[in-house]
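Here the structure comes first, spelled out in structure tokens, and everything after it is commentary.
The values are calculated or read from the model by the stated rules, or taken from the named source; none is laboratory data. Since the structure is predicted, the reported quantities are computational estimates derived from the model, not experimental observations. Glycine gets a Cβ as well: all are built from the backbone with ideal geometry, and neighbour counts include every protein chain shown.
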Amino acid sequence: MIKLHDKYFKKFISQEQIQEAVAKMAMEIAKDVKEEQPIFVGILNGVFMFFADFMKVYNYPCEMTFVKLSSYHGTSSSGEIKELIGLSQDIEGRTVIVLEDIIDTGNTLDELHAIFKAKKVKDFKIGTLFFKPEAYQKQHKIDYIGMEIPNEFIVGYGLDYDELGRNLPEVYQLHTNNMINLILFGKPGAGKGTQANFLKEKYNLVHISTGDVFRYNIKNGTELGVLAKSYIDKGDLVPDEVTINMLQAEVEKNPEANGFIFDGFPRTTAQAEALDNFLTTKDMGISATIALEADDEILIQRLLERGKVSGRADDQDEAKIRNRFDEYNQKTAPLIDFYKKQNKFHSVNGIGTIEEITVRLSSVIDEL
């Protein structure tokens, strides 16, 4: 996985696959025109790597040149005329093969055919290393194709994303975020942590617990950890911006993740809005918020039993447990409304065996 500007790209076509396709094209073209001493015309900018590798394996007499296709506004009915810049040879009566790095819609093919027909060439053929048949909109025949690829954005081997990536020896595909990003709600004792562990394994998600992230940053003395501790030591709440920056760092540590489970954040509507804004900058979003619902009395008994083993004081005092429930209700109610307005809120029965609850959660996720 690589990052160019603001987007991530995953490896798509290896150097070996590319060179195999280049060699295959050279053999096919040589079989047709090796006696013609053709002129190969490379369309800049993206073709430079392909053109160079092609010439290394085309072992017959030929001429070569690079051109650019330039456009300007004129007085024709179309309002636009295209011309080649850099073609100095007299090509009348010659066999010309244009080499392209990639053809998708094929919009330039009309101009290329018109230009070379006007120059009275003997034969005109088109070859492209990469071809997107799903995107192609023209009737012109493409004579030589290195490989067909899906209609996805790619970079590398001469192709760029805002001028970055041309020098990569392999081809990378845009990492589309068909991700599952979940927020788990649940009162203390609802089994949120247990279920998060099952879900992250089942769906290959990254579990981000706000508490764990805070402890990691403070323990390791990171810049954000030192900043957060300065607020905590003064008895102040850590600003949302600091928490979001910590979460952002965790997300960016895992660029190949299938998605994330956010646990312990957001706790307020302002935090939910901040999380949405941050995810939007990554072409991501929350897929669903899922609340594990359970009767308070059942959860109280669970926590009291847990307190006998865990030794946690707040799990051994029923009054403290009820206060925690009240705090949860006050904080969560606005969040439920926030995500309901986005049609992203789901309620799941949290009573039953661990396996039964996992099945219920999975049925919600599988629908996403």
Checklist line | Residue check, Asp326 surrounded by fewer than 16 Cβ atoms within 10 Å (Cβ to Cβ) and modelled with pLDDT under 90 | finding: yes
Note to self: Here's a check for you: in region 99-135, which residue that is hydroxyl-bearing (Ser, Thr, Tyr) and in contact with a strand residue (DSSP E or B) (Cβ under 7 Å, 6 or more places away or on another chain) is nearest to Glu36 (Cα to Cα)?
What the structure shows: Thr128
Checklist line | From Ser362, Ser310, residue being at pLDDT 90 or above and either over 33 Å from the mean Cα position of the chain (by Cα) or in the same structural domain as Leu199 (by TED's automatic domain parsing) (or both) | finding: Ser362
Check: Do we have any residue at all in region 114-122 that's modelled with pLDDT under 90, in contact with a Lys or Arg (Cβ under 9 Å, 6 or more places away or on another chain) and loosely packed, with under 13 Cβ neighbours inside 10 Å?
Finding: yes
Next item on the list: Just give me the residues in region 255-305 being surrounded by 15 or more Cβ atoms within 10 Å (Cβ to Cβ), small (Gly, Ala, Ser), without any contact (Cβ under 8 Å) to a residue 60 or more places away in the chain and over 30 Å from Asp317 (Cα atoms), in sequence order.
Entry: Ala274
Note to self: If I ask for residues that are of a type in the set (A, V, I, L, M, F, W, C) and out of contact with any helix residue (DSSP H, G or I) (no Cβ under 7 Å at 6 or more places or on another chain), which ones from region 133-159 would you list?
What the structure shows: Ala135, Ile142, Ile145, Ile149, Phe153, Ile154, Val155, Leu159
Margin query: Go through region 163-181 and report how many residues are buried (at least 20 other Cβ atoms within 10 Å of the Cβ) and either over 17 Å from the mean Cα position of the chain (by Cα) or among the polar types (S, T, N, Q) (or both).
Written below: 2
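Okay, residues lined up against (1) touching a Phe, Trp or Tyr at 6+ places or on another chain (Cβ under 6 Å); (2) assigned by TED's automatic domain parsing to the domain that holds Leu109; (3) of a type in the set (A, V, I, L, M, F, W, C):
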position	(1), (2), (3)
Asp123	no, yes, no
Pro150	no, yes, no
Asp212	no, no, no
Ile218	no, no, yes
Check: For the subset of region 38-63 comprising residues that are surrounded by fewer than 16 Cβ atoms within 10 Å (Cβ to Cβ) and over 36 Å from the mean Cα position of the chain (by Cα), which member is nearest to Ile102 (Cα to Cα)?
Finding: Glu63
Margin query: When you scan region 102-109, do you find a residue that is in a strand (DSSP E or B), of a type outside the set (Gly, Ala, Ser) and modelled with pLDDT of 90 or more, even just one?
Written below: yes
Next item on the list: Determine whether region 194-205 contains at least one residue that is outside any helix (DSSP H, G or I) and at pLDDT 90 or above.
Entry: yes
Next item on the list: Those residues that are of a type in the set (D, E, K, R) and closer than 28 Å to Gly93 by Cβ, I need them from region 105-136; list them, please.
Entry: Asp110, Glu111, Lys117, Lys119, Lys120, Lys122, Asp123, Lys125
